[in-house]
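Peer 1: The following block contains the structure, expressed as structure tokens.
The values are calculated or read from the model by the stated rules, or taken from the named source; none is laboratory data. In this text, all values refer to a predicted model and were calculated from it rather than measured experimentally. For the accessible areas, the whole protein counts, side chains as well, though only heavy atoms, and no ligand, DNA or RNA atoms are used. Shrake-Rupley method; radii C 1.70, N 1.55, O 1.52, S 1.80 Å.
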Amino acid sequence: TPAPAGAQIPLPAGAQVPLPAGAQVPLSAGAQIPLPAGAQIPVPAEAQIPLPAGAQIPVPAGAQIPLPAEAQIPLPAGAQIPLPAGAQVPLPAGAQIPLPAGGQVPLPA
């Protein structure tokens, strides 16, 4: 007998619910799914996860996120990105970088 709409079914810790390929689980707007610390959700490389505007995903310190070659990340005014010694930032030909009054860029001799 199927559970009535809106029913909650308690599952024991560690329980898994296998879904067939292509299955979708509809969630209402603002739905939240609590996950235990260290939980992982495997997502296929071709998957797309639409997020609402302004959505934020907490990223643990030290995490690395691969970006596509053409990624653009808007930064707030005054943002600073520390680079490790020897790091290089490729710039397209003709790029112009505005500097504050008195700003200096040390160049190797």
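Peer 1: ³J(HN,Hα) across the range 31-41 via Karplus (A = 6.51, B = -1.76, C = 1.60, θ = phi - 60°), whole Hz, x for Gly/Pro?
Peer 2: Each residue of the range 31-41 in turn: 5, 10, 10, x, 10, x, 3, x, 5, 10, 10 Hz.
Peer 1: Is the shape of the range 43-103 best called rounded, prolate or oblate, per the rule: a/c under 1.5 gives rounded, else a/b larger than b/c gives prolate, else oblate, with a ≥ b ≥ c the square roots of the Cα gyration tensor eigenvalues?
Peer 2: Cα axes put the range 43-103 in the prolate bin.
Peer 1: Leaving out ligands, DNA and RNA, and with a 1.4 Å probe, what % of the accessible surface on the range 1-45 is carbon or sulfur?
Peer 2: Reported share for carbon and sulfur atoms: 61 percent.
Peer 1: Quick one, which of [x] 99; [y] 215; [z] 118 is the actual volume of the Cα convex hull per residue in Å³ calculated for this model?
Peer 2: After the calculation, the listed value that fits is [y].
Peer 1: Send over a whole-number figure in Å² for the accessible area per residue of the chain, probe 1.4 Å. Please report the intermediate quantities before stating the final value.
Peer 2: Working: 11410 Å² over 109 residues.
Accessible area per residue: 105 Å².
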